[in-house]
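Notes to accompany the following structure.
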Amino acid sequence: MGVSDLTVAPGDLGYPLHLRALPTPPVLHVRGALAREDALAVAIVGARRASAYGLEVAETLARALAARGVTIVSGLARGIDTAAHRGALAARGRTLAVLGSGLDRVYPPENRALAAEIARRGALLSPFPPGTPPLPHHFPRRNALIAGLALGTVVAEAAERSGALITANLAGEFGRLVFAVPGRTTSALSRGTNGLIRDGATLVMDWTDVVDELPAQWRECVRVVDDAPEEPGATPSGDEGLVLTLLGEDPLPIDRLIAGGGLGPGRTSAALVNLEVQGRARRVPGQRYVRSS
């Protein structure tokens, strides 16, 4: 990946500030770089099989917070986690991904390119040594680290029995803030988040609802940015430009993009990752893509 790996212990100078408060802070395996500003962090988690609504909310919220200097923490899983990381990268902000495996066993495998980008512009973290597979019983420990790294955890979308709710409960146990995005009462994917709000979690409509709840010392660290719409950049050239011309408001499956562009699977996938990081394209359920508005 072109990024070195290192090990950080609780007593080391660069060890994450908020993890020091945990009962048993772990040794961390790190790919990328930790920064002091990562203490201003919010976790965004949620369903793996997320709806288009959930993905849009997670990406938009992550992008808005990252643009204001907030580090976005998540777990690199499919769905909401992936959208949160992409939103932070699209804002050219920092993001930390906590793995339930060794750093050399990125899971899910389709997120390897995303993991490489996170390592270049943030960090991959794991409490597990290299070679450790992504076994189910590893993920509660990973969820605890996600909650422990952040000032608060936002659940963007979650069913009644979701791992994201475990992360939110751990955040509460650690004395951290818990947020949830409301959803339709008829949607199974919103029962978990609506239940959190019923039980006292802060309702989130946009980034201001998160920042307003942060402790004063951290709220003062949030950058002020111009909310005026960004001027669209020049149309990209090369593979990215070709793929972008194929995208519109109607979702297209990746096989259609491969066939339409004639670039092959590898180059098409790489172009899509870059377009997502730039905020020009968005992935929706079913391995389909749309042009971002």
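Every read-out reported here was derived from the displayed coordinates using simple, explicitly stated rules and does not represent laboratory data. All figures in this text were calculated on a predicted structure; none of them were measured in a lab. Reconstructed Cβ throughout: ideal geometry from the backbone, glycine too, with neighbour counts over all protein chains shown.
Loop-located chymotrypsin sites (Phe, Trp or Tyr not before Pro) in the range 137-222 (DSSP state other than H, G, I, E, B) with a sparse environment of at most 10 neighbouring Cβ atoms within 10 Å are absent. Each Lys and Arg adds +1 at its Cβ and each Asp and Glu adds -1 at its Cβ; summed about the Cα centre, the range 121-261 shows a dipole of about 840 debye.
Ordering 164, 146, 131 by Cα displacement along the dipole of the chain toward the positive end leaves 131 in first place; charges were set at the Cβ atoms of Lys, Arg (+1) and Asp, Glu (-1). Computed over the Cα atoms of the chain, pair by distinct pair, the Kirkwood hydrodynamic radius stands at 19.1 angstrom. Close amide H partners of residue 98, meaning residues 5 or more places away or on another chain with modelled amide H under 5 Å apart, are 74, 75, 76, 125. Each Lys and Arg contributes +1 and each Asp and Glu -1, all at the Cβ; summed about the Cα centre of the range 5-219, the dipole is approximately 300 debye.
Extension gain for the segment residue 7 to residue 256, taken as residue separation times 0.36 nm less the Cα-Cα distance, is 85.4 nm to one decimal.
Round to the nearest 10 and give me the degree value, 0 to 90, for the angle of helix 264-277's Cα axis relative to the longest principal axis of the chain. Between helix and principal axis, roughly 50 degrees. Output the 0 to 90 degree angle, nearest 10, between the alpha-carbon long axis of helix 52-67 and the longest principal axis computed from the alpha carbons of the chain. Approximately 70 degrees, to the nearest 10.
Across the range 5-219, the mean sequence separation of Cα contacts (distance under 8 Å, 6 or more residues apart), normalised by length, yields a relative contact order of 20 percent. Placing +1 on the Cβ of every Lys and Arg and -1 on the Cβ of every Asp and Glu, with no other charges, gives the range 238-291 a dipole of roughly 80 debye about its Cα centre. Report note on the peptides 145-158, 99-112: ranked by the mean count of other C-beta atoms within 10 Å, highest first, their order is 145-158, 99-112.
Helix content alone sets the calculated 222 nm mean residue ellipticity of the chain: runs of n ≥ 4 DSSP H residues at -39500 (n - 2.57) each, divided across all residues, give -10500 deg cm²/dmol. Largest mean-square fluctuation among 45, 210, 224, in a Gaussian network model of the chain whose springs join Cα atoms under 10 Å apart, belongs to 224. Take every Cα pair under 8 Å whose residues are at least 6 apart in sequence, average their separation, divide by the length of the range 31-156, and the relative contact order is 32 percent. Relative contact order of the range 238-291, taken over Cα pairs closer than 8 Å and 6 or more residues apart, is 47 percent.
Rounded to the nearest 10 degrees, the angle from helix 163-173 to the longest Cα principal axis of the chain is 30 degrees.
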